[in-house]
Every structure is written in structure tokens, then in C-alpha cells.
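Novice: I have a structure here, written as C-alpha cells, and I will follow up with some questions on it.
The values are calculated or read from the model by the stated rules, or taken from the named source; none is laboratory data. Just so it is clear, the structure is predicted and the values come from calculations on it, not from any experiment. In this analysis, Cβ positions are derived from the backbone assuming ideal geometry, glycine residues included, and neighbour counts consider all displayed protein chains. Remember, those area values only see protein heavy atoms, side chains included, never the ligands or the DNA or RNA. Shrake-Rupley method; radii C 1.70, N 1.55, O 1.52, S 1.80 Å.
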2 protein chains.
Amino acid sequence: MRLATLRDGTKDGKLVAISPDGKRYAVPPLQTMQEALERWSETMAQLAAIDEFPEALDQVELAAPLPRAWQWLDGSAFQSHGDLMSAVLGVEESTSQAPLMYQGTSDKFYGPRDDVKFPDEALGIDFEGEFGVIVDAVPMGTSAEDAMGHIRLVVQINDWSLRALAGPEMKTGFGWIQAKPPCGMAPFAITPDELGGNWRNGRVCLNLNVDWNGQRFGAANGEPMGHGFHELVAHAARTRDLVPGTVIGSGTVSNANFREIGSSCIAERRGIELIDEGAARTAFMKFGDTVRMQAVDEHGHAPFGAIEQKVVKA
Amino acid sequence: MRLATLRDGTKDGKLVAISPDGKRYAVPPLQTMQEALERWSETMAQLAAIDEFPEALDQVELAAPLPRAWQWLDGSAFQSHGDLMSAVLGVEESTSQAPLMYQGTSDKFYGPRDDVKFPDEALGIDFEGEFGVIVDAVPMGTSAEDAMGHIRLVVQINDWSLRALAGPEMKTGFGWIQAKPPCGMAPFAITPDELGGNWRNGRVCLNLNVDWNGQRFGAANGEPMGHGFHELVAHAARTRDLVPGTVIGSGTVSNANFREIGSSCIAERRGIELIDEGAARTAFMKFGDTVRMQAVDEHGHAPFGAIEQKVVKA
């Protein structure tokens, strides 16, 4: 099942069910994605029963599938990303065996084709291609095994980052505020079964194709997460209940063979340059630059649709 | 003007206006605090015009004045708190001149008399007495000077903390997730003018009386913040718009003469013991322990009412 949210002038938009080919939609008897998640055991059956999609979908009408959430907790579950970021930010890499996780702003997720505004190019504007999951109510103390059943939807995320601010904020130990403005989301939130065999061990085992200004920049696969999403959910729920609609991110999708397949963020490429050539030479994004992100399976099918965003001056 | 939220079975509760003596309330033609904040220029006048309070207030019916918020950003603006926490957590103190700030869970604020559940005493259960402000919509890039006018309400907060988890999470650079479960809020959110001359330079210049199991533990004053609330708001809004209802915290209220006036959290006392005696001897909270927090002015008036919470096993 694939779900999306149409802009309708409200903050939460209008939930719609998407046809298998991604080109049409049906209007279910539910207003919002949040409402669906709060009563999932009941609403899932309602939504899954839809098999006619009478309306043609215009992608520019789409908001993020969840336009705002009560909580966004982003992991950093790919080891090769952590290695490169430590090099590029000049910070010591965490030796913790526990999942790495920060809480980011969740009162807005940009729609898949929204322009993204930043105050200044000098802040080091960067994209981060990620996968994420959306849970229903997860009680405090839920085990990783049980957490798997609370993963109701899978999403694709662009975690916008301002690198000039990231290192200094990280050194405070308090995590990121200014370095992490709102994220973008791909058009469709999907149930894990939509991924078929590519949903394995709590991982989205798809290549995430990332194009910067129309040029392929990376095609890392989501499989080599050091912790699966179910483990990230359990980590988040150790000392708090998670409310329905909490979004948990994978961190930047990254593979150890980054020299061959590229990266899902610019900072990683700069880390590789620093290691290989002694200095980072790839500049961050300029106003007017675009990024496109689309996860694809072995048949070229893109279950989440594509994020296509342009950076603009605030 | 003093506002509160009554429990009514909904997630956001029912907004009420509180009488000057704190004992009665009126029901305004507005459902929730969030709704009031989203249209503040209009709703403030409506609420301020109320001068009859027909209903008797039973404090046990009170939720947090804002029972959930889209964003909770907590500073650490008291230098003496930072000094002691570095000692007790074994982390290097930040040398940043910018405000310190992390994003915490905001999908729930405990009501002023709610029991607070934790999984394990061994996690180092601690209270943190703080002040906070609630803003209306703050556009990205708002200056500290302009931010002052966006501070619509002032609140008193208990930022529950799990100290055994705080140091390790801080060392990752990602900030706190497990170490920071939901906070509690005192009964009344007040407009800054309610503080009269004790609202100075974006600071709440009141003593925060903190009692642990009925014994006075601290009475630090809110004046010596290194950055005022308007500066914390501007810091938060540097690269993001703040939505109405965003809550910004001061961090633990702490004064340099902590040996005389005590502390607003147990970890600080442990820091003092570590410095003075070579080892921390005061244990953290046990299940069944209580904490009471009440800011008072020079006449003994408590504009926020009192937080009275008990720690229980989850």
C-alpha cells in the first residue's frame, strides 16, 4: 500500500491512497496521515481495501506524506558515513556500540518538490539521502523484536544539513539545532510489504540514486545499516513512549565502496577527498542548485517516487 | 494574564483563563492553548478581556498548560550549572560563546501533579528546575531584539533527566535522547507582564524554590542567565522558522553561590561534592520520591503555581 498527502490549505493536508502505477489516487474516508496512524489497526484495513483510483495524480500537488510529525529522531546507522563525517567535521568518531541518534525539527517536512530556503550559501548547504520509518504507538521499553511490528510505513528522506554549523554544534555535546533545518520527504509513504524481499532485517535494501544538478552523485544501498530500523525504534523507546507518527531515520545511506558508487551527501565526498588528496575540493550547494533522490529496485521501480528540490535564498 | 489547560479527555485539553488569586477559572471561546498561540494577536485581546471567573479550580484537573508542543528546545544558559555538570558527567565544558541548546521530546509534557514513570532507578533519576518561554510564529533570521516581542508566555518546567545515560550520549556529539524523557510543567502559563519588574532583559528574576521529599534543596534565582530568552529564541530561529507554541527552556536555574542557596538538580549537588570532597555522595531519586518546584517573588507570590511530582516505576 502506498499513501500520500495532497495539499488542501490545512497544515496536515489530505490523505490519499495511491494506485500501483503511482499515477492515480483515491480519497479514503480519513482526513490525515496522522489520523490513520493513530488508529492504524482499523484504518490499515480500510485503506488496503481500496482498489479503485479514480483521480489523476499531479505530483506538484503533493505535500510530504506526513507534513509535520510530533517527533523526528534521526539515526546514523551507516559506518562508512560515520567514518567520513568524522574526517570532514574534525570531530572524534563515537566509539559507542549503541545506535547514534539525535532529535531534529519535525514541525515541518518539505514536500517532495518544494524549494528549500536557507539564509546563506556560506553555511555549507548539503543534502543527505536517507530512509526512514513511521511507527504507531510504541510503549516505553519495547524490545527490538517487538518494535518491528510497530513499523507501519517506510519513507525516503532528504535531511538538509548546514555543514559549517555542524562541527561546532557537535562539539558542544548538545547535538544539532542550527545545522539541521527541516527535512524533505519523497511523495509516497509505503507499507513494508511493498518492498517485498527488499525489506530485510529492518533494512530498505534498495539503491538510493542521488543526482546533484542532473549529474549522478551516488547510488548507495540501504542494506549495510549497522542497526536495523527495529533496533533504532527500540533505542528511541528505551525511556519514552513514542507517539503514533514518530519518524525514525537511518542517517545518510552510505556503503564502504564509496569510491565506486558515490555518496548520498556532499560532505562524504569531501571526506574522501580529504583522505585521498589531503584537501576537500568539492564545494557545497549554491542557490539555484537542485538535488534529485530516488530509491530504485532491481527492476527500476521507484516505490517512494522522487524527491526533486531546489535550494533558494530565504 | 494567567492561562491553564484542563484535562478533558483530548490530547490538547481545554484552555482556561485563571483568576488573579489562582483559585478560579473562566472558559474562553477557544478550545486549546495551541489555537490561542496560532492567532495570538486576536486571541490575546479576547483572553485579556475576561474579568469574571465563575468556576472553582481543582488543581488535580490540570494538564500542562501546553500538553504537547511541536518543538521543545532547551538551552543551558546558567554558567554555574555548566561548570558543575562538566565535573559530574566527566565531559569537557563547551567553550562556545553561542547559546547551548538541544531539542527534546515535546509530544508530551507531564501535568504539574502527574506521577512520572521511569524504567529503572539505576538510570540516575534527576529533576531540573527551569524557566521557559512559549513563542508565536518566529520567522527564520529574527534578531534577538525582535525575538523579545515573540515571547508570548512564560512557564516553569521540570526537565526530567537520567544522568547515567547523559554523559555517554553527550560524548557522541548527537545530544540526548534516552537521557531526556518528557518534562513536566507548572500549572500556569503567564504573560511576561504578570512578572512586572521581575521580567528583566529576557530573564525571569524570581527564586525557584525546589524541595526534594519535603526538604528545601535549592532556591536559585533566574536572573544570572548568560543569554536572555530573546537571545535563545533568536539562536533557535537562525536557520528555521519557529512555529507557534515552540517552547524554549533556560536550562537548570543555577547561581554561582550554589554552596549557600543550593541547586535545582541533584547532579549539581553531586558536582559540588565531587569538587569539595572528592566524591559524589548524594544519590539520585528513588521510586516514591517527590519533588516540588515553585518560583516565588519578593512577596511570596507564586505566579506559575507549583510542580509537585512523584517518581514511579514504569
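Novice: Among what's in region A:109-134 and is in contact with a Pro (Cβ under 7 Å, 6 or more places away or on another chain) and crowded, with 24+ Cβ neighbours inside 10 Å, pick the residue that is nearest to the other protein chains (Cβ to nearest Cβ).
Specialist: Among them, the one singled out is A:Phe109.
Novice: Considering (1) open to solvent by 30 Å² or more (accessible area, probe 1.4 Å); (2) within 14 Å of chain A (Cβ to nearest Cβ); (3) under 23 Å from B:Leu37 (Cβ atoms), say which one B:Asp193 fails and leave the rest.
Specialist: (2)
Novice: Tell me, which residue of region A:249-279 that is open to solvent by 60 Å² or more (accessible area, probe 1.4 Å) and in a helix (DSSP H, G or I) is farthest from A:Val88 (Cα to Cα)?
Specialist: Among those residues, the one meeting the criterion is A:Glu260.
Novice: Kindly check whether there is at least one residue in region B:57-64 that is without any contact (Cβ under 8 Å) to a residue 60 or more places away in the chain and within 14 Å of chain A (Cβ to nearest Cβ). Write out each step before concluding.
Specialist: First, the residues of region B:57-64 that are without any contact (Cβ under 8 Å) to a residue 60 or more places away in the chain: B:57-58, B:60-61, B:63.
Cutting the leftovers down to within 14 Å of chain A (Cβ to nearest Cβ) gives us none.
No, the conditions are met nowhere in region B:57-64.
Novice: So, of the residues in region A:71-108 that are touching a Lys or Arg at 6+ places or on another chain (Cβ under 7 Å), within 12 Å of another protein chain (Cβ to nearest Cβ) and of a type outside the set (Gly, Ala, Ser), which turns out to be nearest to B:Thr239 (Cα to Cα)?
Specialist: Across region A:71-108, the extreme among qualifying residues is A:Thr105.
Novice: For the list (1) surrounded by 24 or more Cβ atoms within 10 Å (Cβ to Cβ); (2) out of contact with any helix residue (DSSP H, G or I) (no Cβ under 6 Å at 6 or more places or on another chain), I need the number of the one condition that B:Leu66 fails.
Specialist: (2)
Novice: Does region A:248-260 include one or more residues that are small (Gly, Ala, Ser) and farther than 30 Å from A:Arg39 by Cα?
Specialist: Keep residues of region A:248-260 that are small (Gly, Ala, Ser), which gives A:249-251, A:254, A:256.
Going one step further and asking which of them are farther than 30 Å from A:Arg39 by Cα, we end up with A:254, A:256.
Yes, region A:248-260 contains at least one residue that is small (Gly, Ala, Ser) and farther than 30 Å from A:Arg39 by Cα.
Novice: Moving on. Cβ-Cβ distance below 9 Å, separation of 6 or more or different chains: which pairs start in region A:83-99 with a residue that is of a type in the set (Gly, Ala, Ser) and end on one that is open to solvent by less than 60 Å² (accessible area, probe 1.4 Å) and modelled with pLDDT under 80?
Specialist: Once the first residue is of a type in the set (Gly, Ala, Ser) and sits in region A:83-99, its partners that are open to solvent by less than 60 Å² (accessible area, probe 1.4 Å) and modelled with pLDDT under 80 give A:Ser86/A:Ser94.
Novice: Take the residues of region B:197-211 that are open to solvent by 40 Å² or more (accessible area, probe 1.4 Å) and touching a residue at least 24 places away in the same chain (Cβ under 8 Å): which is farthest from B:Ser41 (Cα to Cα)? Break it down into steps so the answer makes sense when it comes.
Specialist: Our first condition is that a residue be open to solvent by 40 Å² or more (accessible area, probe 1.4 Å); within region B:197-211, this holds for B:197, B:199-201, B:207.
Going one step further and asking which of them are touching a residue at least 24 places away in the same chain (Cβ under 8 Å), we end up with B:199, B:201, B:207.
On the way: B:Trp199: 21, B:Asn201: 23, B:Asn207: 31 Å.
Ranking the candidates gives B:Asn207 first.
Novice: Let me ask you something else. Are any of the residues in region A:234-242 in a strand (DSSP E or B), within 14 Å of chain B (Cβ to nearest Cβ), modelled with pLDDT of 95 or more and buried (at least 24 other Cβ atoms within 10 Å of the Cβ)?
Specialist: We begin by selecting, within region A:234-242, every residue in a strand (DSSP E or B); these are A:242.
Filter once more, so that each one left must be within 14 Å of chain B (Cβ to nearest Cβ): A:242.
Going one step further and asking which of them are modelled with pLDDT of 95 or more, we end up with A:242.
Filter again for buried (at least 24 other Cβ atoms within 10 Å of the Cβ), leaving A:242.
Yes, because at least one residue in region A:234-242 is in a strand (DSSP E or B), within 14 Å of chain B (Cβ to nearest Cβ), modelled with pLDDT of 95 or more and buried (at least 24 other Cβ atoms within 10 Å of the Cβ).
Novice: Which of the residues that make up region B:255-288 are more than 25 Å from B:Asp115 (Cα to Cα) and without any contact (Cβ under 8 Å) to a residue 24 or more places away in the chain? Walk me through it before giving the result.
Specialist: To start, the set of residues in region B:255-288 that are more than 25 Å from B:Asp115 (Cα to Cα) comprises B:255-261, B:271-281.
Across region B:255-288, the qualifying residues are B:Asn257, B:Arg259, B:Glu260, B:Glu273, B:Asp276, B:Glu277, B:Gly278, B:Ala279, B:Arg281.
Novice: Determine, yes or no, whether A:Trp199 is modelled with pLDDT of 95 or more and more than 8 Å from every other protein chain (Cβ to nearest Cβ). Break it down into steps so the answer makes sense when it comes.
Specialist: Values: modelled with pLDDT of 95 or more: yes; more than 8 Å from every other protein chain (Cβ to nearest Cβ): yes.
Considered against the rule, which asks whether it is modelled with pLDDT of 95 or more and more than 8 Å from every other protein chain (Cβ to nearest Cβ), A:Trp199 comes out as yes.
Novice: Another question about this same structure. What number of residues within region A:24-52 are in contact with a strand residue (DSSP E or B) (Cβ under 7 Å, 6 or more places away or on another chain) and open to solvent by 60 Å² or more (accessible area, probe 1.4 Å)?
Specialist: Narrowing region A:24-52 to residues in contact with a strand residue (DSSP E or B) (Cβ under 7 Å, 6 or more places away or on another chain): A:24-28, A:30-33, A:36-37, A:40, A:47, A:50, A:52.
Of the ones still in play, those that are also open to solvent by 60 Å² or more (accessible area, probe 1.4 Å) are A:24, A:27, A:31, A:52.
Counting residues in region A:24-52 that are in contact with a strand residue (DSSP E or B) (Cβ under 7 Å, 6 or more places away or on another chain) and open to solvent by 60 Å² or more (accessible area, probe 1.4 Å) gives 4.
Novice: Here is a further query. Report the residue count in region B:158-190 for those that are within 14 Å of another protein chain (Cβ to nearest Cβ), open to solvent by less than 10 Å² (accessible area, probe 1.4 Å) and among the hydrophobic types (A, V, I, L, M, F, W, C).
Specialist: The total comes to 6.
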